1. Could you grab me the full set of residues in the range 76-122 that are under 21 Å from residue 61 (Cα atoms) and part of a loop (DSSP other than H, G, I, E, B)?
2. Which condition from (1) outside any loop (DSSP other than H, G, I, E, B); (2) without any contact (Cβ under 8 Å) to a residue 12 or more places away in the chain; (3) β-branched (Val, Ile, Thr) is the one that residue 143 breaks?
3. Out of 104, 147, I need the residue that is modelled with pLDDT of 95 or more and under 22 Å from the mean Cα position of the chain (by Cα). Which one?
4. Mind checking whether some residue in the range 184-193 is more than 24 Å from residue 53 (Cα to Cα) and not hydrophobic (A, V, I, L, M, F, W, C)?
5. Could you say whether any residue in the range 198-213 is crowded, with 18+ Cβ neighbours inside 10 Å, at pLDDT below 95, touching a strand residue (DSSP E or B) at 6+ places or on another chain (Cβ under 8 Å) and under 22 Å from residue 324 (Cβ atoms)?
6. Just the residues that are of a type in the set (Val, Ile, Thr) and without any contact (Cβ under 8 Å) to a residue 60 or more places away in the chain, please, taken from the range 223-278.
7. Considering only helices (runs of 4 or more DSSP H) fully contained in the range 231-337, which possess at least 2 residues that are buried (at least 17 other Cβ atoms within 10 Å of the Cβ) and of a type outside the set (A, V, I, L, M)?
Amino acid sequence: MSRSRITSAPALAAILAIAFPPLLSASGAPGAATPSQPAAAPRRTVAVTVDDLPFVGYGLPLAAVAPLSSKLVAAIAARKVKAVAFVNEDKLFVPGEVDARIALLTEWLDAGMELGNHTFGHPGLTKTPLPAMQDAVIKGEVVTRGLLERRGKTLKWFRHPYAQTGTTRETRDAFDAFLLSRGYTVAPLSIEHEDWVFASADAKLAAESDVAGQARLLAAYIEDFDARCAFYEERSRALFGREIPQILLSHANALNARAMPLLLERLEKRGYAFVTLEEALADPAWKSPDGYFGPWGPSWLHRFAAARGEDVKALFRAEPEAPKWVADLDAARSAAASAPAAPR
């Protein structure tokens, strides 16, 4: 479902004014906090997860990626969020950069975050044979497990690439059993906001030094994020009659390095308190049956709905959409990146 979005290029102050209206009514209105009355406790909770570590650089060199990664970690840590960040270990093995790339992972641990396995190579279960998926899990845990064990911690979280969990019950059950045998707990997600579409578009604008375009995109990104939060909050109420703890999926990229303070503030303005992934999953709603078997990677709220007979395709169509101009920028960047190099 399309929604109107900001299309001008406001300055950051204007972005904040538009994106973050006061959550509470004016002083003295019902529910407003007063100097002698503390603000009410947040009524919503969310766990934050970040995929594709060490970073999705869209061709940026390590010298540019490293400070962006540090900025992203610092933004999350500043609000004392205990995120779980999922690693693609294939991204570590760049000749001459291995130690520096592993150091990016240690920054997450130093900030009090957890690390999880996102496989070696990011293969999707939809098109990858089960033995190859199992190999990608085993190969993708070597460095991460070692980093955690040296700190007295255990590698326990696994996030499916593309959130693809299998097209048949047999495939899912077999892969789940394999993950369990290696001590993993699957990390589901509920708020899925397609940040990679905006990040790809932002990378194209950055490469063109289009600062005004990036400001416009940032405003659209915050608005889209807000719309998606509202959408999944409504889905939670429709399914459970209440809002369950949400689990946010985001990615390590330059856009989120810049936008994460705004995203987290937006969540706080919506009444969210930050919890750990383990705390979120303690809610019994997360034990609901997953009724989705197919090629895509939908939110677990859609999966729970599928178990009740709802049409996942219809739920996909009901989701907010990125503005067409953002999707077009993403498509243009992706096409250019996949085009064969010109002969010399």
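The values are calculated or read from the model by the stated rules, or taken from the named source; none is laboratory data. Computed from a predicted structure; not experimentally measured. Here the Cβ is made from the backbone with ideal geometry for all residues, glycine too, and neighbour counts use every protein chain on show.
1. Within the range 76-122, 88, 93, 94, 95, 96, 97, 120, 121, 122 meet the criteria.
2. (2)
3. Working: 147 fails: under 22 Å from the mean Cα position of the chain (by Cα).
Going through 104, 147 in turn, just one is modelled with pLDDT of 95 or more and under 22 Å from the mean Cα position of the chain (by Cα): 104.
4. Residues of the range 184-193 that are more than 24 Å from residue 53 (Cα to Cα), as a first pass: none.
No.
5. No.
6. Going through the range 223-278, the residues of a type in the set (Val, Ile, Thr) turn out to be 244, 247, 275-276.
Within the range 223-278, just 244 meets the criteria.
7. Details: elements: 254-269, 277-281, 300-307, 312-318.
Per the criteria, 254-269, 300-307.
Residue-by-condition table, conditions (1) of a type in the set (Lys, Arg); (2) surrounded by fewer than 18 Cβ atoms within 10 Å (Cβ to Cβ):
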| residue | (1), (2) |
| --- | --- |
| 67 | no, yes |
| 72 | no, no |
| 84 | no, no |
| 88 | no, no |
| 123 | no, no |
| 139 | yes, yes |
| 142 | no, yes |
| 146 | no, yes |
